[in-house]
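These notes concern the structure reproduced below.
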Amino acid sequence: MTRLISFITLLAVAALTATGCAGTGTLGGDTEQRSGLKVLAGSELRDMEPLLGDIEKATGVEMYFEYTGTLDGADAIASGTTDAAFGLFANSKYVQLVAQEQGKSVTATTTMRSPVVFGVKESIAKRNGWDKPTAVVTWKDLADQAAAGKLNYAMSNPSASNSGFSALIGVAAATAGDGNALAADKVDNATLKAFFKGQKLTAGGSGYLADEYLKREGDLDGMINYESVILGLNASGDLDEKLTPVYPTEGLITGDYPLVLVDPAHKDEYNKVITYMKTAAFQKKMMDSTHRRPAWPGTQLSDEFPPNLLIELPFPSKLDVVEKLLFAYLDENSRPSHTYYVLDTSGSMADDERLQLMQQAMNNLTGTDKSGTGRFTRFRNNEQITLVAFDDDVDEPEHFTITTKGANGTVQQQIRDRIDGLDADGGTAIYDGLEVAYEQAMVDRKKQPDLFYSVVLLSDGENTDGQDYDGFADSYRDQYAAAKIPTFPVLFGDSNTGEMQDLAKLTKGKYFDGRENLSAIFKEIRGYQ
Amino acid sequence: MKPLNIAIAALLVLGVIVAIVVSGGEDDKGSSSKATGNKPAKNLTQIKTVIGPDKQILFEDPRFIKRLEQLGYRYTFDKAGSREIATTFDLGEYDLAFPSSDTAAIRITKRYPKALRTPTLLAPMTVASFEPIAKLLEKQGIAHKSAEGVWQLDTRAYLAAAQKDLRWKQIPGNTTYPVNKSVLISTADVRVSNSGAMYLSLLSYLANGDNVVNAQTAPKALQEIMPLFLKQGFLAPTNDGAFNNYLVQGMGSTPMVLIYESQFIERAAIDKREGEDAITDDMVLMYPTPGIFAQQQTIALTDEGKAFAKLLTTDKRLIELETEHGFRTASTGAAKKFAEKVGVKVPDQIVDVVDTPDYDVLEGMIKKIEDEYKRNSDL
């Protein structure tokens, strides 16, 4: 198998050698050379890795996975900007819709199935009578509970991840009172808004959502995710309390995991892999180890799957319906966010165009990025942004509230003006900057407790001024931990990787590696906000 | 003795690839180099084909491969939707095209006037469904069992109900399927698949006062039946995908699916041969009345292709295998006999059928449907 050495990999290698970073190898991205064919894959497909060996043995085709959210992957495939040979996501419908618009066709073959369900903590399911096999539970029931504050749940961002999007369609269909393809029917935004009141945690992918759920299990009553993820967590022993999968009776959406041929040059390997994955032997092994349902006749459903008749809701057939639903979610129906961007403007940011890269990444979020992912990651209507710039001193926090959709609002322009006006000079007081952000967040949160609060930290080097990491950690534990506001540290330039990782752990956030493509990372973080 | 092609080395490689791709369906049994094994590739004429997806299982059948080798041929096949084969597919490198409808075949010969069309297989369009669903339709006067015990779907009653947007849960006494979805037959995507185009032909005939549509009458007829496509939402591009949804997900996702009769019979035959249970006891095959036939023609683009195509209609063993894959052939009566052998009841005669419109008229309707999908919705 020839290896494809992508331009991105070359960049990454260059970046690593330039910064002299020791490269722990745990930071993902294209920092290692992998052999075999690259497969873009959804984050919940980590459970497939042990099966790649079986596939290679049976077909001679070696593959490795690179994980992304569904929309990012779909965008890369549809725009032809990936060097991957194949794609494997819960559905390829977004890719197919885009391809149809371009008059192209997509080669895709289903490999396994999993419906998107509502996993409710056992005790709560029992209390509501939802655990009986004959129980009739509707999206409307779930929405009522959420609106009443009795059902707090994790759900992935529908604009980044298919499981969240499937839930969005489910609730939209249920509230429209119609099981057909969503079309010109009025979607009941008031009920949608009530449903999403209960969404207390989000992430940019279904697998990542499961990780985040484990960090915050105590605060939540359940999680919307694939049946396979719910069953997998139950079997893993990692949960404090098992989740009962609930199958809403108006209908749900099943991911059918089509393997997409991205690079036609690998058609022969594709055919070999598909032929093997269709066999009863593989389907059974897959079902037993990943808790997904078979996609081909010839394999009996195992006992762990309930025998309920699952009603399948149609996926929208029009691209613009998909987009309208998503924008309505982002701009009207989801809980608004308040994000604090703690940005390093020290002297070292003047090197290697670091300041420009940061400005580009921030400005993209104001709506100037017109790509598929750009449009869905821009700042949303009703969103609040607080900028905390620091060098050896910390600037006054500057607060903005978005009041329009799109990129043409005055507030979006004000943010761009402020970002463009930043300059790089002085020392680095990371932990003072963070402290200022958290202090402000605590004040804001007292006034508006119902928003999604989070902090994004971008620094390109060692802390040289003000308090150190330990000082901040003490403050955090004493004063801020109860508010559960995560920090998303972004590795950049010469970041102290260890401290950034500790910071993510301390605040139950997640760190991201922005050293290859800062703009892409800033967009990816949006899935968690 | 067939003439050899010149680049023998390349052909040997091709031969190996054919062995893996085409016989792969039996991989779970162990060895992958089955039917072709170690037979020498010389003296075999290489044939490059493109086929509609409903013939994939036939073309992957090791017995089919073996018989054609005995006759001196080794083939590769690509799979594509009939409309794509007919309109945009570059057939320059191919010996044979085998879409799933005669309209597609006629269209291809417009692009390649020297090509030879040969009627080869026949498959009536049918609706695969479930016993509880058929009973509900019976309650509504949309379906009934014929004297022979075969389920018939009254297409006119179905269309009338669909136009009134009948929902499953509105059918009185419905305890088996109280779902708030429209009573609709699922189809593969009409923009890609021939089976979708067959559905369009049938419905447009009925919407046009029982007359085949022409350029003048098509637009009005189309307006009346457009919702039956749009309300389905996102569709499987190909027919085998739609049938697979039916088999694997069942009644909850696909209470009725439009398929070729051959797919159901073929699947029942595989069940019998492999001891599998894809066709379960509660699955039924319904015959729309009036109905429509898919006349499947081969289009031979080269001399080798012509000889190959001839064999498909004259060789006894090949015809036998085509029958085992559910197709009706020139061998009358064989189809029904075989269907009964594998436990599928088919009607003695299918007479109430409609004709397909002209290719250009059909294409015009499909283009309008394409536009409708792209039109901005009011949501």
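The values are calculated or read from the model by the stated rules, or taken from the named source; none is laboratory data. The model shown is predicted, which means the values in this text are computed figures rather than measured ones. Here the Cβ is made from the backbone with ideal geometry for all residues, glycine too, and neighbour counts use every protein chain on show. Each accessible area value is taken on the protein alone, full model and side chains, heavy atoms only, with ligands, DNA and RNA left out. Shrake-Rupley method; radii C 1.70, N 1.55, O 1.52, S 1.80 Å.
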Practice item. Output the residues belonging to the stretch A:511-529 that are open to solvent by 40 Å² or more (accessible area, probe 1.4 Å) and within 25 Å of residue A:220 (Cβ to Cβ). Key: A:511, A:524
Exercise for review: Read through the list (1) modelled with pLDDT of 95 or more; (2) closer than 18 Å to residue A:271 by Cβ, then give the number of the only condition that residue B:98 fails.
Suggested key: (2)
**Study point:** Which numbered condition residue B:374 fails, given (1) without any contact (Cβ under 8 Å) to a residue 40 or more places away in the chain; (2) touching a helix residue (DSSP H, G or I) at 6+ places or on another chain (Cβ under 9 Å); (3) surrounded by 14 or more Cβ atoms within 10 Å (Cβ to Cβ)
**Key:** (3)
Revision key, fill the gap. Those residues of the stretch A:128-141 which are more than 15 Å from residue A:176 (Cα to Cα) and surrounded by 15 or more Cβ atoms within 10 Å (Cβ to Cβ) amount to A:128, A:130, A:131, A:135, A:137
**Study point:** the stretch B:245-281 - residue that is touching an Asp or Glu at 6+ places or on another chain (Cβ under 6 Å) and small (Gly, Ala, Ser) and, of those, farthest from residue B:328 (Cα to Cα)
**Key:** B:252
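Which residues, counting only those in the stretch A:382-427, are among the basic types (Lys, Arg) and open to solvent by 70 Å² or more (accessible area, probe 1.4 Å)? Lay out the reasoning, then the answer.
Taking the stretch A:382-427 and keeping what is among the basic types (Lys, Arg), we get A:405, A:416, A:418.
Answer for the stretch A:382-427, where residues must be among the basic types (Lys, Arg) and open to solvent by 70 Å² or more (accessible area, probe 1.4 Å): just A:405.
Would you be able to say whether some residue in the stretch A:486-493 is more than 21 Å from residue A:387 (Cβ to Cβ) and either out of contact with any His (no Cβ under 9 Å at 6 or more places or on another chain) or open to solvent by 10 Å² or more (accessible area, probe 1.4 Å) (or both)? Walk me through it before giving the result.
Initially, the stretch A:486-493 is screened for residues more than 21 Å from residue A:387 (Cβ to Cβ), giving none.
No, there is no match, as no residue in the stretch A:486-493 is more than 21 Å from residue A:387 (Cβ to Cβ) and either out of contact with any His (no Cβ under 9 Å at 6 or more places or on another chain) or open to solvent by 10 Å² or more (accessible area, probe 1.4 Å) (or both).
Picking from B:102, B:90, B:165, B:78, which residue would you name as being open to solvent by 20 Å² or more (accessible area, probe 1.4 Å) and either within 19 Å of residue B:227 (Cβ to Cβ) or in contact with a helix residue (DSSP H, G or I) (Cβ under 8 Å, 6 or more places away or on another chain) (or both)? Step through it out loud before you land on a result.
Numbers: B:102 fails: either within 19 Å of residue B:227 (Cβ to Cβ) or in contact with a helix residue (DSSP H, G or I) (Cβ under 8 Å, 6 or more places away or on another chain) (or both); B:90 fails: either within 19 Å of residue B:227 (Cβ to Cβ) or in contact with a helix residue (DSSP H, G or I) (Cβ under 8 Å, 6 or more places away or on another chain) (or both); B:78 fails: either within 19 Å of residue B:227 (Cβ to Cβ) or in contact with a helix residue (DSSP H, G or I) (Cβ under 8 Å, 6 or more places away or on another chain) (or both).
Of B:102, B:90, B:165, B:78, the one residue that is open to solvent by 20 Å² or more (accessible area, probe 1.4 Å) and either within 19 Å of residue B:227 (Cβ to Cβ) or in contact with a helix residue (DSSP H, G or I) (Cβ under 8 Å, 6 or more places away or on another chain) (or both) is B:165.
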Review point. Of (1) over 30 Å from residue A:282 (Cα atoms); (2) modelled with pLDDT of 50 or more, residue A:53 satisfies all except one. Which?
Key: (1)
**Study point:** Some residue of the stretch A:56-70 being buried (at least 18 other Cβ atoms within 10 Å of the Cβ), of a type in the set (S, T, N, Q) and within 14 Å of chain B (Cβ to nearest Cβ)
**Key:** yes
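Yes or no, residue by residue, for (1) farther than 30 Å from residue A:111 by Cα; (2) more than 14 Å from chain B (Cβ to nearest Cβ); (3) in contact with a Pro (Cβ under 7 Å, 6 or more places away or on another chain):
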{"position": "A:269", "(1), (2), (3)": "no, no, no"}
{"position": "A:299", "(1), (2), (3)": "no, no, no"}
{"position": "A:306", "(1), (2), (3)": "no, no, yes"}
{"position": "A:312", "(1), (2), (3)": "no, no, no"}
{"position": "A:354", "(1), (2), (3)": "yes, yes, no"}
{"position": "A:364", "(1), (2), (3)": "yes, yes, no"}
{"position": "A:371", "(1), (2), (3)": "no, yes, no"}
Point to revise | Qualifying residue in the stretch A:428-444 (condition: farther than 15 Å from residue A:340 by Cα and surrounded by fewer than 18 Cβ atoms within 10 Å (Cβ to Cβ)) | key: no
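Out of A:156, A:166, which single residue is more than 11 Å from chain B (Cβ to nearest Cβ), in a loop (DSSP other than H, G, I, E, B) and open to solvent by less than 10 Å² (accessible area, probe 1.4 Å)? Show your work before the answer.
Numbers: A:166 fails: in a loop (DSSP other than H, G, I, E, B).
When all the criteria are applied, what remains is A:156.
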Point to revise | Any chance residue A:482 is open to solvent by 50 Å² or more (accessible area, probe 1.4 Å) and without any contact (Cβ under 8 Å) to a residue 24 or more places away in the chain | key: yes
Practice item. Please go through the stretch B:168-182 and pick out each residue that is open to solvent by 60 Å² or more (accessible area, probe 1.4 Å), under 11 Å from residue B:140 (Cα atoms) and within 14 Å of chain A (Cβ to nearest Cβ). Key: B:170
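Mind checking which residues of the stretch A:330-364 are in a helix (DSSP H, G or I) and within 19 Å of the chain's Cα centre (by Cα)?
Of the stretch A:330-364, the ones in a helix (DSSP H, G or I) are A:330-333, A:347-364.
The answer is A:330, A:331, A:333, A:361, A:362, A:364.
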Point to revise | Count of the stretch A:71-92 residues which are open to solvent by 30 Å² or more (accessible area, probe 1.4 Å) and either of a type in the set (A, V, I, L, M) or part of a helix (DSSP H, G or I) (or both) | key: 3
Review point. Looking at (1) at pLDDT below 95; (2) hydrophobic (A, V, I, L, M, F, W, C); (3) open to solvent by 10 Å² or more (accessible area, probe 1.4 Å), which is the one condition that is false for residue A:192?
Key: (3)
Check your understanding: Taking residue A:367, is it surrounded by fewer than 22 Cβ atoms within 10 Å (Cβ to Cβ) and either in a loop (DSSP other than H, G, I, E, B) or at pLDDT below 95 (or both)?
Key -> no
Review point. Any residue in the stretch B:134-146 that is surrounded by 20 or more Cβ atoms within 10 Å (Cβ to Cβ), at negative phi, of a type outside the set (Phe, Trp, Tyr) and in contact with a Leu (Cβ under 6 Å, 6 or more places away or on another chain)?
Key: yes
